[in-house]
Amino acid sequence: MNTFLYFLRLVRWPNLLFILLAESLFHFCIYKPLYPNAVEGIDFNFFLIAATYLFIAAAGYIINDYFDINIDQVNKPNKVVVGAHINRRWVIFWHFVFSVMGVFISTIAFPIKQYWHIHFSNLLTILLLWFYSTNFKKDFLVGNVVIGLLTAWSIAVVYFSKFTIQQLVNPNMNDLANFRLVKLMLLYCSFAFILTLVREALKDMEDMEGDQKFGCKTLPIVWGLQPTKVYIGVWLVVVIAVLAFIQLYVIPFGWWYSILYCLIFIIYPLALVLYKLKNAYTSNDFHKLSLYIKIAMFAGILSMLFFYFLL
């Protein structure tokens, strides 16, 4: 039983639930209201693409811990699973099994010829997660951008799974539903991408000791704490400004509940991070700020529920 619990920790089960929640809300609260007459079986296809991404994401978390064992022993010695509770050979085995399962499941619902973009993205995601663990995360800014893109892709993949390659190449943008779906997909993907960049930078500051010991070239190590804080602050100002503009834009529609929700549960935590950032210096300080970003991201994903009633 203990081994199973450690395995759940290894695959980051809360993060997997978060991914599943984001994909489910995009499908059921945004896509389906826009396409009420969608072809039969669309829900089954969604569950397959969600399972695909969950397996691939779990494989990514597994391989990341495998290659991070030395750094984790410095930064978070009490949370190390690989080698301490699960044999390293079993870790590699499960990474391989989950990666293969992810690729295999998607072939059930998506014919390769019509949906080769989905299968290509699956293979690319597996490769990016591998090279992130081995190289990218130690390189200046590259690892943060890769994780940001993959986080955004966890939402975008649901959108791209709805259309064949021919439909994507020649989209019908005169269709109001198509136009709205693209806008909302880009909005949530951009939100996820930017807040992931912010959170990854905060994690880099939190983990400076171990990263510096093993030659990582993360933002705070290369730039220092103050320039990294400025980098984070700029992104936060951009996100807060865009969100505030969106709230002003929807006032004529009378979406008061969604506006209040955004102000309290998304903009306020982000503004709090911006305010507290200047006086943050310890690993514990940066960990707390990272939690605020998580709250804002979680609230942002939950905001998709409003579109179930508004679209």
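Read-outs throughout are calculated quantities, based only on the coordinates presented, and are distinct from any laboratory measurement. Treat the numbers as computed from the prediction; the structure is a model and nothing was measured. Because the Cβ atoms are built from the backbone with ideal geometry, glycine has one as well, and the counts that use them run over all protein chains shown.
Among the residues of region 208-245, the ones that are under 20 Å from the mean Cα position of the chain (by Cα) and part of a loop (DSSP other than H, G, I, E, B) come to 1 in all.
Checking each residue in region 201-224 for being surrounded by fewer than 15 Cβ atoms within 10 Å (Cβ to Cβ) and among the aliphatic types (A, V, I, L, M) picks out only 222. Once region 162-181 is narrowed to residues that are of a type in the set (A, V, I, L, M, F, W, C) and touching a residue at least 12 places away in the same chain (Cβ under 8 Å), the residue that is nearest to residue 246 (Cα to Cα) is 181.
Yes/no per residue for (1) surrounded by 21 or more Cβ atoms within 10 Å (Cβ to Cβ); (2) in contact with a Lys or Arg (Cβ under 6 Å, 6 or more places away or on another chain); (3) farther than 30 Å from residue 220 by Cβ:
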residue: 111; (1), (2), (3): no, no, yes
residue: 115; (1), (2), (3): yes, no, yes
residue: 133; (1), (2), (3): yes, no, no
residue: 157; (1), (2), (3): yes, no, yes
residue: 164; (1), (2), (3): no, no, yes
residue: 178; (1), (2), (3): no, no, yes
residue: 199; (1), (2), (3): yes, no, no
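Out of region 215-274, which residues are touching a helix residue (DSSP H, G or I) at 6+ places or on another chain (Cβ under 6 Å) and free of Cβ contacts under 8 Å to residues at least 12 places away in the same chain? If the condition is that a residue be touching a helix residue (DSSP H, G or I) at 6+ places or on another chain (Cβ under 6 Å) and free of Cβ contacts under 8 Å to residues at least 12 places away in the same chain, then no residue fits. When residue 194 is tested against (1) surrounded by fewer than 17 Cβ atoms within 10 Å (Cβ to Cβ); (2) in contact with a helix residue (DSSP H, G or I) (Cβ under 7 Å, 6 or more places away or on another chain), only condition (1) is not met.
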